[in-house]
Structures are given as structure tokens and as C-alpha cells.
Amino acid sequence: MSLFSGKKVMITAGPTYEPIDPVRFIGNHSTGKMGFALARCFAEQGAEVQLISGPTALTLEHPLVHVTNVMTADQMFEACQQHAEQSDIWVFSAAVADYRPREVAGSKIKKNEDTFTIELVKSVDIAATLGKQKRADQFTVGFALETNDELQNARLKLAKKNLNMVVLNSLKDPGAGFKHDTNKITIVKPEAVETYELKSKEEVAQDILASIKAEMACV
């Protein structure tokens with residue numbers, strides 16, 4: 001029997017879209033493929049998965065996977081709050097927008113001026129906020145997509161957000177990051193760093209679960 005059999009897992013996936021007006025938004029290139037691969041992998045090992053996904057073209061049908069579709073960071077945070085307390089494992093793989101417009105126009109903004117300024121405010125940091133209420137018996141995983149000082153930034157995120165591990169990937173690595181079916185990761189833990197070769201995201205999901213399993217077995 002798998003260590004994950006009967007466990008409750010909450011996973012965030014995909015991007016968030018922060019509206020500017022009814023037509024336009026601030027977003028990113030996340031496809032959600034990594035989060036969906038993780039959800040399937042957990043379910044295949046017997047876990048009950050709450051998959052909270054931003055806008056993607058993906059679907060996942062599995063009796064142990066329950067999908068909640070959201071659009072904005074606030075909506076994703078609200079959905080996470082509903083499932084965090086009863087979940088044994090949290091996996092924050094979504095690419096949540098760091099900032100959102102302070103004001104959202106009620107109608108389409110017309111192209112009138114040569115320049116246009118949007119005031120942005122910080123979005124809720126879901127992992128950091130929930131990390132403050134995390135129990136000792138809960139295991140949490142964050143993701144970091146970096147372009148410089150990768151390992152240093154991952155270690156800072158590990159401590160700042162009260163995570164058990166960070167899955168790091170770099171846009172400098174060909175085939176890693178957004179819009180790919182592959183990924184090349186480094187798993188950063190408080191006492192260890194594990195580096196993996198470029199693999200399909202399904203294989204990467206298996207590596208991540210194996211690393212979680214090894215860490216949880218030591219607790």
C-alpha cells in the first residue's frame with residue numbers, strides 16, 4: 001500500500017488572471033501541466049486530491065480528483081482556505097500573479113491616450129499566508145521558477161513560506177518552465193538539494209512524489 005493511500009492532498013495549478021477590465025487581464029504563460037500531472041500521480045497512488053486550477057485547457061477525470069476552477073488569486077486563495085485544514089499535503093504549483101490592478105474598469109477601456117498607467121497592488125501570497133497556520137503534521141511543497149540566483153531564492157522561499165520543500169526550475173534550462181511537456185527540476189529541502197535531469201512532466205511528478213514520500217517517512 002502506498003504511503004499516500006487515504007491521504008488528502010490539495011494542489012494548486014495553472015495561472016491566475018487578474019482582470020483590468022471585462023476584456024483584458026494580467027496573467028502568465030503557465031499551462032497547468034505540472035499541477036495536473038501531480039494530481040494524477042497522487043490519485044494513482046491512492047490519495048484524494050483537491051485540484052484548484054486557474055484557467056487552463058486541461059481536463060482531468062479520476063474518481064479521486066476533485067477539480068475547482070478559479071480565475072483570480074483571491075479566488076484561488078478562498079478555495080485553498082476551504083481545503084487546507086483537512087489536507088495532509090499542500091502542493092503550490094500554480095503560477096499566481098504577484099500583482100493585480102487596484103481598480104477594475106466596469107467597461108472596456110478605450111484606446112485614447114498614447115500612454116496608459118495601471119496601478120498595481122500585491123496579490124495575496126497563498127503559500128506564505130497558509131504557511132502561518134500550517135500544523136506540524138502537514139507537509140507542504142512550493143514551486144519556484146527563477147531566472148537568477150535560483151538556489152538562493154529557493155532557500156529563501158523555503159524559510160519564508162514555512163515549506164518542507166521547494167521544487168525549483170529555471171527558465172535558463174531548455175525544455176523547462178512554461179509551455180513545455182518536459183521539466184528539469186531541483187528539489188530544495190532544509191538539509192538537502194536533489195538535482196534531476198530533463199524529463200516529461202509525468203516523470204517529474206513521480207520524482208516529486210518519491211521525494212515527498214522519503215521525507216515524510218523520516219518524520
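Largest mean-square fluctuation among Leu38, Leu156, Leu168, in a Gaussian network model of the chain whose springs join Cα atoms under 10 Å apart, belongs to Leu156. Computed from Cα atoms, the angle from the helix 33-44 axis to the main principal axis of the chain rounds to 30 degrees.
For the chain, DSSP calls about 35 percent of its internal beta bridges antiparallel.
Test of the criteria: in the range 1-79, which GluC sites (Glu not before Pro) are in a DSSP loop and have at most 12 other Cβ atoms within 10 angstrom of their Cβ?
Working: sites: Glu44, Glu48, Glu61, Glu78; in loops: Glu61.
Here the sparse-neighbourhood loop sites are Glu61.
Before anything else, pin down the relative contact order of the range 117-219: Cα pairs under 8 Å, at least 6 apart, normalised by residue count, whole percent. The partial results should precede the final answer.
Numbers: 141 pairs, mean separation 19.6, N = 103.
About 19 percent, as a whole number.
Of all segments of the chain bounded by trypsin sites (Lys or Arg not before Pro) found in a DSSP loop with no more than 12 other C-beta atoms within 10 Å, the longest spans 1-101.
Counting 0.36 nm for each residue step from Phe178 to Asp114 and taking away their Cα separation leaves a gain of 19.9 nm. When the chain is treated as a Gaussian network with alpha carbon springs shorter than 10 Å, the biggest mean-square fluctuation among Thr16, Thr117, Thr72 belongs to Thr117. Taking Cα atoms, how many degrees apart are the long axis of helix 73-84 and the longest axis of the chain, rounded to 10 and kept between 0 and 90? Between helix and principal axis, roughly 30 degrees.
Springs between Cα atoms under 10 Å define the GNM used for the chain, and in it the highest mean-square fluctuation of Val188, Val121, Val67 occurs at Val121.
Since every read-out is calculated from the coordinates, none of them should be taken as a lab result. The shown structure was predicted, so the numbers you read here are calculated from the model rather than taken from an experiment. Methodologically, a virtual Cβ is constructed for each residue, glycine included, from the backbone with ideal geometry; neighbour enumeration extends over all protein chains shown.
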